[in-house]
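Contents: one structure, followed by commentary.
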Amino acid sequence: MKILVVEDEHLIANALKKGLEQEHYTVDLAFDGLEGFDLAASGDYDIVLLDLMLPKMDGLEICRQLRSQQNHVPILMLTAKSQVEDKIKGLNCGADDYLTKPFAFEELLARIRALARRPQKAASEVLTIGDLSLNLSTYEVTRQGKNISLSSKEYSLLECLLRHANKILTKDQLIQHVWSYESDILPNTIEVYIRNLRLKIDKNYKIKLIKTIRGFGYKISE
Ligand code: CA
């Protein structure tokens, strides 16, 4: 899952990125409002963590403009202000949730998980296809009940394929969902990751779940 953090305080932004990456999220940073808005409007993110006070364009304005463009990416507002009216303003402009700084990192993770679950059916914390399942809260991946250990990127790649199960994803789409924009990953590198993922989830099983669609990309299906 890919998260955009819009935060002008570099120390906080970098700490968030580091912490979230340890939790298997892919994170991009924007340090001002305009850059944040442009990236958020790209549609490449599953969640946006948005600071309220930002140079060039503030968080409320970013929120308002995204919503006016029919962009419904889940937005979690982060702010040092704790006044009730700011919370109301934030929610009125289309933010989905609100967290007051300083906050416990665990609290942030809980809110992110709640937002990530929202578009799906309630309580569906497990993505499955056939006999393969991926648990979004424990990060456990199993096939036929057996645990499979994946690297962080392999996990993200599999999660992305499962979220779009039965649909073809191009290499570029996989890169956009799984890697941050500063990583200069080439489409060919995706093949290496896919090969490694296959060794772990498909090789020893009769039914191969990851399919190569020649000239297009990959999909996961039964
Ligand atoms: Ca700020």
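Quick notes on this one:
- Counting residues in the stretch 81-97 that are at pLDDT 85 or above and surrounded by fewer than 23 Cβ atoms within 10 Å (Cβ to Cβ) gives one or more.
- Output for the stretch 48-65, where each listed residue is within 11 Å of the ligand (Cβ to nearest atom) and hydrophobic (A, V, I, L, M, F, W, C): LEU50, LEU52, MET53, LEU54
- Looking across the stretch 19-63, the residues that are free of Cβ contacts under 8 Å to residues at least 60 places away in the same chain and among the polar types (S, T, N, Q) come down to GLN22, SER42.
- Filter pass, THR138 being touching a strand residue (DSSP E or B) at 6+ places or on another chain (Cβ under 8 Å) and exposed (fewer than 15 other Cβ atoms within 10 Å of the Cβ): no
- Taken across the stretch 24-37, residues that are closer than 30 Å to LEU150 by Cβ and either within 15 Å of the ligand (Cβ to nearest atom) or in the same structural domain as GLN173 (by TED's automatic domain parsing) (or both) do occur, with at least one present.
- The condition (being surrounded by fewer than 15 Cβ atoms within 10 Å (Cβ to Cβ) and either more than 17 Å from SER42 (Cβ to Cβ) or of a type in the set (Ser, Thr, Tyr) (or both)) is satisfied by just one residue among SER156, SER149, SER133, SER180: SER149.
- The stretch 162-189 residues that are acidic (Asp, Glu), paired with ones that are not in a helix (DSSP H, G or I) (beta carbon under 8 Å, 6 or more apart): GLU182/ASP28
Yes/no per residue for (1) within 28 Å of LEU20 (Cβ to Cβ); (2) assigned to a helix (DSSP H, G or I); (3) hydroxyl-bearing (Ser, Thr, Tyr):
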position	(1), (2), (3)
LEU174	yes, yes, no
HIS177	yes, yes, no
GLU182	yes, no, no
ILE190	yes, yes, no
ASN196	yes, yes, no
LEU199	yes, yes, no
LYS203	no, no, no
ILE207	no, no, no
THR212	no, no, yes
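- Looking only at the stretch 71-83, residues that are among the hydroxyl-bearing types (Ser, Thr, Tyr) and more than 13 Å from the ligand (Cβ to nearest atom) come to 1 in all.
- Lone unmet requirement of (1) more than 19 Å from TYR181 (Cβ to Cβ); (2) buried (at least 17 other Cβ atoms within 10 Å of the Cβ); (3) of a type outside the set (Phe, Trp, Tyr); (4) more than 16 Å from the ligand (Cβ to nearest atom) for SER68: (2)
The values are calculated or read from the model by the stated rules, or taken from the named source; none is laboratory data. As the structure is a prediction and not an experimental result, all values here were calculated from the model. Cβ atoms come from the backbone with ideal geometry, glycine included; neighbour counts cover every protein chain shown.
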